[in-house]
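Notes for the one structure printed next.
The values are calculated or read from the model by the stated rules, or taken from the named source; none is laboratory data. Keep in mind the model is a prediction, meaning the values are calculated, not measured. Don't worry about glycine lacking a Cβ; one is built from the backbone with ideal geometry, like all the others, and counts go over all protein chains shown. Areas reflect the complete protein model, heavy atoms only, side chains present, ligands, DNA and RNA absent. Shrake-Rupley method; radii C 1.70, N 1.55, O 1.52, S 1.80 Å.
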Amino acid sequence: MAMAFRCAYLPTWETQLLSSPDDGSCRRTKFAVTNALWTTRKTKPVFDPLKLPTVQRSGDLGTALLDRLERIYKEGMPGNNDGLLPMEPLWAGPLFQGKPMRVAYQGVRGSYCQEAAVRAFQRCDALPCEGGMDSAFEALESNDADRAVVPVENSLDGVIERNYDLMLRHPDLHVVGELLLPINHCLLAVRGAGKRSPAVKTVVSHPQALAHCQQRLVALGVQVEAVDNAARAARFVAENRLDDTAVIGSEIAGREYGLQVLEEEIQDDSSNTTRFLILSKPNNKNNNSSALPGSKTTVAFSLKEGTADLFKALSIFAVRDIEVTKIESRPQRKNPLRLVMNEEQDGGSSKCYFEYVFFVDLEEPATDDNPSSVKRALDQLRQISSFVRIVGSYSTISIVS
């Protein structure tokens, strides 16, 4: 049976600006609304993320405090969270015997970012940051959090460029860990709902998750709606008891909102994995000296002569047998263009090139107690670069499904 696909138009501030005050028409640039969806909205509540509250900041302070302590307890006790914790935490030591680590993550409760935070820290006070991708960076920089967990790459969808840009904008923050998290797309529904018709007729999720699970959705023969945020959709389905609607989301979203997991691992590609970086401030009072020693280093640099010297930069690592496992480039915002004069041609014609900042991952630590080839390589790299910054020297934890 062919999969019926339809997109839910979610009103946002940007689309409101596009609305015409004269005729009420709206040029929707991202989602299209079908007549069938409008008909559906007449009979059941409309999912609107703008109506969902973020962090509770008013009301009974004692109730809010008890709720937060309960979450810390649930997220920090292995007996209550066996399915979400790694065999070994990335940070081990006295910290886990006392105060939990405050870990900021991008997004809302029930997201894969929350799962990454809980898996990386065994005693974790996971703090959702819903104010945009930069809000997790700001929470860490303002000492509202001890660590921040941010996604930088997915094995199917590629690099998340925005977070690389934010790492450049926040030079005081350093990478202190890396987490490779297998993505388990689950089919979530109100408890008691069945996965077959006539019970579940519609499946909603983020467009990426829908694309990852296309084959299974076709086999189920359900209608599909794309929404901006899968975790918020899970909350909406749970609060409104929509027994005919299921959500593709994380297992932790099901736990957060009391939804039943109808199916696990429904993605087309079982190798789907997201890479997260764990950030910290050097002067953070909760820095843990017992963290695992670094095994790799990420360096950011910009070349004086532009991209033409990239080969020279990489050869500095090659001659020292330093393995480069990844290279990423981002536009240089301060000086985005390079004007090169061609003196060989009459009239002195010129060419214009973009300037870039390069990120390279090196399979060798760069620490004070290891003043070996990496330090000497960076000293030589500075001779041909306008700036060089060690983004972090850290270890990797890989969680096996």
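Would the stretch 169-179 turn up any residue that is surrounded by fewer than 19 Cβ atoms within 10 Å (Cβ to Cβ), closer than 26 Å to F121 by Cα and touching an Asp or Glu at 6+ places or on another chain (Cβ under 7 Å)? Scanning the stretch 169-179 turns up at least one residue that is surrounded by fewer than 19 Cβ atoms within 10 Å (Cβ to Cβ), closer than 26 Å to F121 by Cα and touching an Asp or Glu at 6+ places or on another chain (Cβ under 7 Å). Considering (1) open to solvent by 10 Å² or more (accessible area, probe 1.4 Å); (2) within 23 Å of V388 (Cβ to Cβ); (3) of a type in the set (A, V, I, L, M), the lone condition that I160 does not fulfil carries the number (2). Pairing each residue of the stretch 310-336 that is part of a strand (DSSP E or B) with any residue that is open to solvent by 70 Å² or more (accessible area, probe 1.4 Å), provided the two are 6+ apart or on different chains, yields C-beta distances under 6 Å for T325/E363; S329/Y356.
Tell me, please, whether a residue that is surrounded by fewer than 12 Cβ atoms within 10 Å (Cβ to Cβ), modelled with pLDDT under 95 and of a type in the set (D, E) can be found in the stretch 295-307. There is no residue in the stretch 295-307 that is surrounded by fewer than 12 Cβ atoms within 10 Å (Cβ to Cβ), modelled with pLDDT under 95 and of a type in the set (D, E). Evaluating N143 against the criteria (1) free of Cβ contacts under 8 Å to residues at least 24 places away in the same chain; (2) outside any helix (DSSP H, G or I) leaves one unmet condition, (1).
Residues that are aliphatic (A, V, I, L, M) and not in a loop (DSSP other than H, G, I, E, B) were ranked within the stretch 120-134; the one that is surrounded by the fewest Cβ atoms within 10 Å (Cβ to Cβ) is L127.
Taken together, the criteria place A230 among residues that are outside the structural domain of V118 (by the TED database), in contact with a His (Cβ under 6 Å, 6 or more places away or on another chain) and open to solvent by 10 Å² or more (accessible area, probe 1.4 Å). Condition check: more than 13 Å from L279 (Cα to Cα), aliphatic (A, V, I, L, M) and in contact (Cβ under 8 Å) with a residue 60 or more places away in the chain. Does L188 satisfy that? Answer is yes for this residue.
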